[in-house]
């Protein structure tokens with residue numbers, strides 16, 4: 001269950017930077033901040049639960065990796081962030097590291 005909790009934590013980790021970004025938009029200020037706070041809370045809870053069975057270093061690296069990659073994709077798909085070959089390659093290196101941590105534990 002630890003890895004399932006960690007994936008859930010990572011997915012909610014995407015919600016707080018998204019919420020902060022949305023809060024910069026005029027009509028989404030309160031709802032964006034609310035999304036960020038709720039996402040942080042849920043993400044933190046599931047990270048805590050995952051660390052009961054997964055080493056802290058592995059859990060933290062995977063958690064931030066999922067959050068970073070997911071936020072990267074949302075930035076490209078919805079906020080017109082650049083998608084240069086070096087940015088995309090670097091993001092896939094993050095995923096390679098996450099997969100490596102999973103298979104080595």
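Quick look at the values:
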| item | result |
| --- | --- |
| Residue satisfying condition, being out of contact with any strand residue (DSSP E or B) (no Cβ under 6 Å at 6 or more places or on another chain) and either closer than 18 Å to residue 11 by Cβ or surrounded by 13 or more Cβ atoms within 10 Å (Cβ to Cβ) (or both), within set 84, 71 | 71 |
| Flag for residue 42 being in a helix (DSSP H, G or I) and either in contact with a strand residue (DSSP E or B) (Cβ under 6 Å, 6 or more places away or on another chain) or more than 30 Å from residue 3 (Cβ to Cβ) (or both) | no |
| Residue 8 being touching a helix residue (DSSP H, G or I) at 6+ places or on another chain (Cβ under 7 Å) and surrounded by 14 or more Cβ atoms within 10 Å (Cβ to Cβ) | yes |
| Residue satisfying condition, being free of Cβ contacts under 8 Å to residues at least 60 places away in the same chain, under 16 Å from residue 21 (Cβ atoms) and either in a loop (DSSP other than H, G, I, E, B) or out of contact with any helix residue (DSSP H, G or I) (no Cβ under 8 Å at 6 or more places or on another chain) (or both), within set 78, 72, 103, 92 | 78 |
| Qualifying positions in region 50-68 - touching a residue at least 24 places away in the same chain (Cβ under 8 Å), part of a helix (DSSP H, G or I) and surrounded by fewer than 17 Cβ atoms within 10 Å (Cβ to Cβ) | 61, 64 |
| Complete set of residues in region 27-49 that are crowded, with 16+ Cβ neighbours inside 10 Å and more than 15 Å from the chain's Cα centre (by Cα) | 32, 49 |
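Each reported figure results from applying straightforward, stated rules to the coordinates on display, with no laboratory input. Because the structure is a prediction, the values reported are computed rather than measured. Here the Cβ is made from the backbone with ideal geometry for all residues, glycine too, and neighbour counts use every protein chain on show.
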